[in-house]
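One structure is given below, encoded as structure tokens.
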Amino acid sequence: MLNKLCVLTVKVDNLQAAIKFYTEILDFEISKHYGEKIASLVHSEVPIVLEETEAEKRDSNVLPGILSKDINRDFSRMKEAGVKVLFDEPQPCPPGRYFVIEDPSGNQIEIVEFSNF
């Protein structure tokens, strides 16, 4: 069956800028480098891979969702760090609240707090 996600690849403009963002802002760690243009991040569930790709060669972007245990704290932290946040405040969604940020390559990332369970 093809119903289990096994990797999430995020195509980026600049691998070093992406690594800095994902490690310093989102607290991931590098698990492995695969040459000069690909790095894998430590993740307990689905591996996340950053792949440097020229913009005109990208056929799609990815929208990963990252779990927040305190959406207000994380929202403030992103704003203070100068991260591009697409909302003025966390927004309601069926499972709780969320907001969207952009990484240095313009990829959107949802920060989600599951509070309606």
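Looking only at residues in segment 78-108 that are touching an Asp or Glu at 6+ places or on another chain (Cβ under 7 Å) and part of a strand (DSSP E or B), the one that is farthest from residue 63 (Cα to Cα) is 96.
Just checking, does segment 32-48 include any residue being surrounded by 17 or more Cβ atoms within 10 Å (Cβ to Cβ), at pLDDT below 90 and of a type outside the set (S, T, N, Q)? Taking every residue of segment 32-48 in turn, at least one turns out to be surrounded by 17 or more Cβ atoms within 10 Å (Cβ to Cβ), at pLDDT below 90 and of a type outside the set (S, T, N, Q).
Among residues of segment 11-28 that are within 14 Å of residue 40 (Cα to Cα) and touching a residue at least 60 places away in the same chain (Cβ under 8 Å), those with a Cβ under 7 angstrom from a residue that is in a helix (DSSP H, G or I) and of a type in the set (A, V, I, L, M), sequence gap 6+ or separate chain, pair up as 12/18. Look at segment 65-85 and say how many of its residues are loosely packed, with under 15 Cβ neighbours inside 10 Å, under 13 Å from the mean Cα position of the chain (by Cα) and touching a residue at least 40 places away in the same chain (Cβ under 8 Å). Of the residues in that region, 2 qualify.
Yes/no per residue for (1) hydroxyl-bearing (Ser, Thr, Tyr); (2) closer than 13 Å to residue 104 by Cα; (3) assigned to a loop (DSSP other than H, G, I, E, B); (4) in contact with a Lys or Arg (Cβ under 7 Å, 6 or more places away or on another chain):
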| position | (1), (2), (3), (4) |
| --- | --- |
| 6 | no, no, yes, no |
| 19 | no, yes, no, no |
| 22 | yes, yes, no, no |
| 28 | no, no, yes, no |
| 36 | no, no, yes, no |
| 40 | yes, no, no, yes |
| 43 | no, no, yes, no |
| 49 | no, no, no, no |
| 63 | no, no, yes, no |
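Taken over segment 93-117, the criterion of being within 23 Å of residue 20 (Cβ to Cβ), among the polar types (S, T, N, Q) and either buried (at least 17 other Cβ atoms within 10 Å of the Cβ) or out of contact with any Leu (no Cβ under 6 Å at 6 or more places or on another chain) (or both) is satisfied by 105, 107. For the condition at pLDDT below 90 and either of a type in the set (Lys, Arg) or crowded, with 16+ Cβ neighbours inside 10 Å (or both), residue 56 does not qualify.
The values are calculated or read from the model by the stated rules, or taken from the named source; none is laboratory data. The structure presented is a predicted model; accordingly, all values stated were derived computationally and were not measured. Here the Cβ is made from the backbone with ideal geometry for all residues, glycine too, and neighbour counts use every protein chain on show.
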